[in-house]
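Please treat every number below as a calculation from the coordinates, not as lab data. The structure displayed is predicted, hence computed values, not measured ones. Backbone-built Cβ (ideal geometry, glycine too); neighbour counts: all protein chains shown.
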Amino acid sequence: MWDKKHIIAIKELERRHIEAIFNLARNFKELSQREIKKTPALRGKTVVNLFFENSTRTRTSFELAAKRLSADVLNFSASMSSLSKGESIVDTIKNLESYHPDIIVARVGFSASMRTFMRYTDASIINAGDGANEHPTQALLDMFTVEEAKGTLESLKVLIVGDIRHSRVARSNIFGFQKFSSSIRVCGPTTLVPYEFHKIGVEVFDDLDKALDDVDVIIMLRIQRERQESSFFPSLREYVERFSLTPGRIKKAKKGCLIMHPGPINWDIEISSALKERLHPFILHQAGNGLAVRMAVLYLAGTRRKEL
């Protein structure tokens, strides 16, 4: 039985919760391949997509997932709201609560804000990314894709490369894969790999060529220049030379190694465009799995027993 009202962080989920999401996601993925792709599972429920940061993939994925489940969907954009006129986020939540939504999918630019939202609404909160803290559904779709391709999440070697400091995706994936006894490596400029990662059982590298040795999964991250208040490396050119995944470097990886990216990809920065034809189809498949995973998350949040 599902016992979570909110899905705020991978860190707070148990392995059984993740497995329950994956079991549902497999069913919803099969549904999406049918001629009629909708189910009445959330008919009569209202889902609010509350995005205080720009998003294309995550917002549209949640919107389509809710519609596939027959929910009523309200999309809220901060740039088009009274926030631009000085209204506080708390007042915005209170106003939305007057509509009695069942689920609020929220993305915000600062960490730990979901706890504040929970105080002002009875709706289930799903974290669609909060600052540099967590992005649970991205990690879930990454893990679901790896399990689909590898047949297991047990005892894998996972390498995460790039802007670790500012990445909520990195944190959620670390917490998620560790629940399945997988080992995690992170690699990037020393200024972009905070000391805290040494404390959570993660192996830290600043040499990509060494980090690639014998890994099963590589997750390349985008350089998040919009979150960087100062320069964390001398130049983009130097970053590309040291940390971009190139045809030469990929030869050093284990045969059958999965290459993933949460998107959007800056080709010729994180990954060489010479690899686009080879890697892009799987990265798009990874993104496509997000629909099934988010349908599963919305279903569980929308059908939970109210007394939980």
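Between Asn266 and Tyr99, residue separation times 0.36 nm minus the direct Cα-Cα distance comes to 56.2 nm. What the phi angles of the range 158-172 give under the Karplus curve with 6.51, -1.76 and 1.60, with θ = phi - 60°, is a coupling list of 10, 10, 10, 10, x, 7, 5, 3, 9, 9, 6, 5, 4, 4, 5 Hz, glycine and proline written as x. Farthest toward the positive end of the dipole of the range 176-228, out of Val204, Gly176, Gly188, is the Cα of Gly176, where the dipole comes from beta carbon charges about the Cα centre. Coupling constants for the range 289-294 follow from the phi torsions by the Karplus curve (6.51 cos²θ - 1.76 cosθ + 1.60, θ = phi - 60°), and in residue order they are 5, x, 5, 5, 5, 6 Hz; glycine and proline get x.
Roughly what angle does helix 15-31 make with the longest principal axis of the chain, taking Cα atoms, 0 to 90 degrees, to the nearest 10? On a 0 to 90 degree scale, this one is about 80. Placing +1 on each Lys and Arg Cβ and -1 on each Asp and Glu Cβ, with no other charges, gives the chain a dipole about its Cα centre of roughly 660 debye.
For Ser124, the residues whose modelled amide H falls within less than 5 Å of its own, excluding neighbours fewer than 5 places apart on the same chain, are Ile103, Ile104. The charge dipole of the range 136-287, taken about its Cα centre with unit charges on the Cβ atoms of Lys, Arg (+1), Asp and Glu (-1) only, comes to about 80 debye.
Computed from phi, the 3J(HN,Hα) profile of the range 173-190 under the Karplus parametrisation 6.51, -1.76, 1.60 (θ = phi - 60°) reads 5, 4, 5, x, 5, 5, 5, 10, 6, 7, 8, 10, 10, 10, 9, x, x, 4 Hz, with x in place of Gly and Pro. Inverting the pair-averaged 1/r between distinct Cα atoms of the chain gives 20.0 Å as its Kirkwood hydrodynamic radius.
Full extension of the chain between Lys276 and Arg34 yields a length gain of 84.2 nm, computed as 0.36 nm times the residue separation minus the alpha carbon distance.
Extension gain for Arg43-His198 works out to 51.2 nm (0.36 nm per residue, less the C-alpha to C-alpha distance).
Note on Ser155 and Glu238: with the Förster distance fixed at 30 Å, the Cβ-Cβ geometry gives a FRET efficiency of about 0.30.
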